[in-house]
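The values are calculated or read from the model by the stated rules, or taken from the named source; none is laboratory data. Predicted model, so just to flag it, every value in this text is computed and none were measured. Using ideal geometry, Cβ is built from the backbone for each residue, glycine included, and neighbour counts are taken over all protein chains shown. Only protein heavy atoms, including side chains, enter the accessible area calculation; ligands, DNA and RNA are left aside. Shrake-Rupley method; radii C 1.70, N 1.55, O 1.52, S 1.80 Å.
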Amino acid sequence: MTTRKQIILAAYVGGVNEHTAWEHPDAGSQIDFSTFRHVAQTAERGRFDYFFLAEGLALRARDGRIFDHDIAGRPDTLPVLAAIAAVTEHLGLVGTLNATFNEPYELARQIASLDHLSGGRAGWNVVTSFDAYTGANFRRGGFLPHAERYVRAEETVATVRELWDSWAADAIAADKDSGVFLRDGRAGEFSHHGSQFDIEGRFTVPRSPQGRPVIVQAGVSPQGRDFAASTADVIFSPYSKLAEGKAFSADIAERAVKFGRDPEHVKILPSAGFVLGDTREEAEEKARHILEQQLSDRTIQVTFEQVWNRDLSGYDLDGPVPDIDPDPEAPTFIQGRAFIFQDRFQTVRTWRELAEQRGLTLRGLAHEVARGPGYVGTPEQVADQLDTFVQEGGADGVVLGSHVVPSGLDEFVDRVVPLLQERGSLRTEYSGSTLRDNLGLPLPDAATHLASTH
């Protein structure tokens, strides 16, 4: 009997943005703990691997004016995850923390502390920023040029790992008879001298249950792929179609080998949504309605303005695609959003060609290029789509989000999860006690005492 590849599942709460139907009658608060608790406990009931939170470090703006809803009210990641740790037992807890604006010492303490508090379930999604608008909120008072953000990020991750390794696994004796607490008197000593950080001292948090909490990273540029392949345990990928997913997985595997890593120790998970119906037709109608809600006039305008970096309010959404070129040299028109398009001019050329071929208006183009809800169909069809995607090498699993929180995930757990478990593609019980265990990742070698110089 052939053993089926186990699907890795993560649950995502994105906060208020263009993908969230906060106006939906069933939508709850985006910041009340009851919302996070409901999603996390539902994910654990479905034997998901981890709960994932992004971060919002600035309210987004258009031409200097704040949106009234976009990424408003997103609370700090770590307190939310710490609270969830108390109401779950097995679910991993992965939070996004910025490597551009945070210092290694505080990052290492916070994440290692969460790993202790949760019994080995912590993960860190490493992100970078070259956004001066967001950087203005921080004491650095600015930002890093695009080319330098990975230089800092790579040294940040390396330094955090050095701090985690500064305590040996057996450093604490805690012998009540002899009164000896520390077996290793040098526990926590570190010394790091690099281009980004010049720090030394004693790290205060003993080695955590996972040794090193799980590192998650995203990045599609060549530099970002190298960073992920050399550093990450899990890669948050944008490639949710089989062909593009297989190509990305093959590229990451090749890069991982180049960095001396086992490709099996780098898990890849794209984001995905889902819409279920009792029939295929019902599900597609629901998906069409959801997309219409998500693609409001303003969402369409802002999405295109981010690529053009121009005010497009004078263009009719039911008219042709603007015939002007992007203006990358102008001040950033849409501020506080991650820019996911690699080349503005190529993106616009591709969109124009698509619109001309299909006779699309600007609104029609938005519907065509929007990612949409992802997996659509009956529970059996969605289980088949997802299982095929993973078994044929598109990725190792998915990060699932719903357009309605907190109850949106319930339907997937109640109707799709049992089908995946019947196929043998999803666990029926947690097999390990830590996030690394459940992801099938090895425990890092227990550190002997380490005082490092980068």
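Annotations
- Rg ratio for the stretch 168-291: its Cα radius of gyration over 2.2 N^0.38 Å, N being its residue count, equals 1.66.
- 0 to 90° range, to nearest 10: angle between helix 297-308 axis and the chain longest Cα axis: 70
- Percent of Cα-Cα distances greater than 13 Å, calculated over the stretch 232-278: 58
- Rounded if a/c under 1.5, otherwise prolate or oblate - the stretch 320-397, Cα gyration tensor axes: prolate
- One quarter of the convex hull surface built on the alpha carbon atoms of the chain amounts to 23.8 nm², the projected area averaged over directions.
- Look at the alpha carbon pairs under 8 Å that are at least 6 residues apart: their mean separation over the length of the chain gives a relative contact order of 24 percent.
- Per residue value of the accessible surface for the chain (all protein chains in place, 1.4 Å probe), Å²: 45
- Taking the stretch 231-369 and dividing mean pair separation by its residue count, relative contact order in percent (alpha carbons under 8 Å, at least six apart): 19
- Amide H contacts of residue 376 (H built 1.01 Å from N, in plane; Pro and chain starts excluded): 275 sit under 5 Å, all sequence-distant by 5 or more or on other chains.
- Alpha carbon centroid spacing (whole Å) that separates the stretch 46-115 from the stretch 1-30: 15
- Sequentially through the stretch 44-50, phi angles give Karplus couplings (6.51, -1.76, 1.60; θ = phi - 60°) of 5, 4, x, 6, 5, 7, 7 Hz, Gly and Pro residues having no value and appearing as x.
- Estimated vicinal HN-Hα couplings, Hz - the stretch 199-211 in sequence order (Karplus 6.51, -1.76, 1.60; Gly, Pro = x): 9, 7, x, 10, 7, 8, 10, x, 3, 8, x, 8, x
- The peptide list 377-387, 46-56, 424-434, put in order of mean Cβ contacts within 10 Å with the highest first, becomes 46-56, 377-387, 424-434.
- With all protein chains in place and a 1.4 Å probe, the accessible surface of the stretch 70-180 carries 53 percent carbon and sulfur.
- Rounded Å value of the spacing that divides the Cα centres of the stretch 363-432 and the stretch 166-207: 43
- Cα gyration tensor shape for the stretch 4-144, rounded if a/c is under 1.5, else prolate or oblate: oblate
- Per residue Cα convex hull volume in Å³ - calculated over the stretch 253-349: 196
- With Cα atoms, 0 to 90° folded angle of helix 104-118 axis to the chain main axis: 90
- Computed from phi, the 3J(HN,Hα) profile of the stretch 154-163 under the Karplus parametrisation 6.51, -1.76, 1.60 (θ = phi - 60°) reads 4, 6, 4, 4, 4, 5, 4, 5, 4, 5 Hz, with x in place of Gly and Pro.
- Multiplying the residue separation of residue 354 and residue 32 by 0.36 nm and subtracting their alpha-carbon distance yields 111.7 nm.
- In terms of its C-alpha gyration tensor, the stretch 187-238 has an oblate overall shape, because the principal axis ratio a/c (a ≥ b ≥ c, square roots of the eigenvalues) is not below 1.5 and a/b does not outweigh b/c.
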